[in-house]
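Here is the structure we will look at, set down as structure tokens.
Please treat every number below as a calculation from the coordinates, not as lab data. What you see is a predicted model, and the numbers here were worked out from it, not measured in a lab. Every residue, glycine as well, gets a Cβ built from its backbone with ideal geometry; the counts of neighbours run over all protein chains shown.
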Amino acid sequence: MLSERSYKIKPSPTLSIDSKAKALKAKGIDVVNFGVGEPDFDTPDNIKEAAIKAIKDGFTKYTPVGGIDALKDAIIEKFKRDNNLDYKREEIIVSCGAKHSLYNVAQALFSPGDEVLIPSPYWVTYPEQVVLNDAVPVFIRTHESDSFMLNPESIESHITKKTKAIILNYPSNPTGLTYNKKKLEQIAEVVLKYNIYIISDEIYEKLTYDGFKHISIASLDNSIKEKTIVISGLSKSYAMTGWRIGFAAGPKEIIKAMTDIQSQSTSNPNSISQMAAIEALKGPQDFIKTMIDEFDKRRKLLVSELKSIKGVRCVNPTGAFYVFPNVSSFYGKKANNFKILSSSDLAMYLLEKANVALVHGGAFGDDNHIRLSYATSIDEIKKGVERIKEALKQLA
Ligand code: PLP
């Protein structure tokens, strides 16, 4: 009955775990939720006020498809200020979230049979969007021993005549990996040699720790900028996940194609959210620093607690708000009716026996790991880790 495409697509496992945890909570069960992919901070008041003003002013009608000029200008200013990148209005599109921007790029760039390189572990949405656009995801495995860094030789060994693009994501969901300038230069060199595109998802750009400063690969030089579509948005940096504003910057022909595609699917992003987005980008930025400081405390606590558990290994994440520990030493063990053979068995065991929700690494292409988000309070982290420790102790 349904299209072939519908049978190929998998629903987002991260969203479904989050809603499972929320449903248990609604039933009165005290679940510690490490599954969340959104900041637990409220959107700052100045941003909310801008939205209220937009409603009161009657700014409630269709806008230009790719976003209003004032927002594009604020985004251009942001790229200049934060990333040392110069764009013009025709090189920017605003969409209904970064996920939507990514979908528009996939529609604009991929033809049937095109191969798209995806470093693994990856964010769950990339392979699905590639498949939805009849292209083929090609995974490049990265290794825990190397802090999940992508190395240029492995990119090169996966390139064929059909390779169209590579999708980068740094800081990374799920590993928290960030790339330094040298690594970005090595990646850029391979991309230029084979003339493929880079889709660079930098949505977590503001969330870096240990003095790490995010660098956009597009800012390395003009030749790489011409091959790169930078994706970012407001969801993570300004705690605005529900407002649905994301954006892309890149070569104007690609942005035009994305805008035409958007014109026939969603039309413009929400007019009120666009006004709020201008305030987010141009108003006071101190909220971000407060959020980063709090995330940093939680990151340090969660990583040190996880590392103290016998059998758990953990790479130190330097960005985003996720930890991706290796839990494979528990595979093959049992407790009660549970036999743990995979990351999803372990996630299910922890949800049912310990009331702790987290995402199995298999969803991100690496079954030896689980993903914990620290977008939750210090008290919840302490409680959750205690429960995990107890539950893991029972496995033999
Ligand atoms: N890119 C990555 C790597 C993400 O983790 C997420 C959300 O979890 C997004 C994009 C989507 O962000 P948005 O809410 O702007 O669609």
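Identify, among Asn316, Asn84, Met275, the residue whose Cα sits farthest towards the positive end of the charge dipole of the chain, taking +1 on the Cβ of Lys and Arg and -1 on the Cβ of Asp and Glu, with the dipole about the Cα centre.
Result: Asn316.
Loop-only check: which trypsin sites (Lys or Arg not before Pro) in region 271-320 are DSSP coil with at most 16 other Cβ within 10 angstrom? Mind dumping the intermediate values first?
Values: sites: Lys282, Lys289, Lys297, Arg298, Arg299, Lys300, Lys307, Lys310, Arg313; in loops: Lys310.
Answer in residue order: Lys310.
Take the Cα atoms of region 242-354, build their convex hull, and give its volume per residue in Å³. Walk me through the numbers on the way to the answer.
Working: hull volume 23.2 nm³, N = 113.
Enclosed volume per residue, from the Cα hull, is 206 Å³.
Excluding Lys389 itself, calculate the net charge of residues whose Cβ lies under 14 Å from the Cβ of Lys389, where each Lys or Arg counts +1 and each Asp or Glu counts -1. Display every interim value, and only then the final one.
Details: positive: Lys307, Lys310, Lys353, Lys382, Lys383, Arg387, Lys393; negative: Glu305, Glu386, Glu390.
Result for the neighbourhood of Lys389: +4.
How about region 152-238: which trypsin sites (Lys or Arg not before Pro) there are in a DSSP loop, with at most 13 other Cβ atoms within 10 Å of their Cβ? The partial results should precede the final answer.
On the way: sites: Lys161, Lys162, Lys164, Lys181, Lys182, Lys183, Lys193, Lys206, Lys213, Lys225, Lys227, Lys236; in loops: Lys161, Lys162, Lys206, Lys213, Lys227, Lys236.
Answer by residue number: Lys161, Lys162, Lys213.
Suppose each label sits 7 Å from its Cα in the direction of the beta carbon; what would the Val136-Thr290 distance come out to in nanometres?
In this crude label model, Val136 to Thr290 measures out at 5.1 nm.
Which value, in Å³ per residue, describes the convex hull spanned by the Cα atoms of region 219-277? Intermediate results must be reported in sequence, preceding the final value.
Details: hull volume 5.5 nm³, N = 59.
Cα-based convex hull of region 219-277, divided per residue, equals 94 Å³.
Where nothing but the Cβ of Lys and Arg (+1) and of Asp and Glu (-1) is charged, how large is the charge dipole of the chain around its Cα centre, in debye to the nearest 20?
On the way: 53 positive and 48 negative charges, 169 e Å.
About 820 debye.
Using a 7 Å offset from the Cα along the Cα-to-Cβ direction at both Arg5 and Tyr62, what is the distance between the two label points in nm, to one decimal?
Using points 7 Å along Cα→Cβ, the separation is 2.2 nm.
Cross-link list Lys22/Lys61; Lys164/Lys227; Lys182/Lys227: which exceed 22 angstrom alpha carbon to alpha carbon?
Numbers: Lys22/Lys61 34 Å; Lys164/Lys227 11 Å; Lys182/Lys227 18 Å.
Those over the limit are Lys22/Lys61.
In whole Hz and in residue order, list the ³J(HN,Hα) couplings for region 87-101 that follow from phi through the Karplus curve 6.51 cos²θ - 1.76 cosθ + 1.60, θ = phi - 60°; x for Gly and Pro.
Working through the residues one at a time gives 10, 10, 3, 6, 9, 10, 9, 9, 10, 8, x, 5, 4, 5, 4 Hz.
From Cα coordinates alone, what are the radius of gyration and Dmax values for region 1-150 in angstrom?
Values for region 1-150 (Cα only, Rg and Dmax): 19.9, 55 Å.
As a check on your grasp of the helix formula, calculate [θ] at 222 nm for the chain: sum -39500 (n - 2.57) over DSSP H runs of n ≥ 4, divide by the residue count, round to the nearest 500. Intermediate values should be presented prior to the final figure.
Working: 14 runs with 165 residues, N = 396.
Calculated from helices alone, the mean residue ellipticity at 222 nm is -13000 deg cm²/dmol.
Net charge within 13 Å of Ala257 by Cβ-Cβ distance, Lys/Arg positive one each and Asp/Glu negative one each, not counting Ala257 itself? Before the final figure, lay out each step's value.
Details: positive: Lys252, Lys256; negative: Glu90, Glu91, Glu253, Asp260.
Combined, the nearby Lys, Arg, Asp and Glu give -2.
In whole Hz, what ³J(HN,Hα) sequence does region 281-286 give by Karplus (6.51, -1.76, 1.60; θ = phi - 60°), x for Gly and Pro?
6, 9, x, x, 9, 5
Tell me, what is the Rg over Rh of the chain, with Rh the Kirkwood radius over Cα pairs? Intermediate results must be reported in sequence, preceding the final value.
On the way: Rg = 21.0 Å, Rh = 21.8 Å.
Answer for the chain: 0.96.
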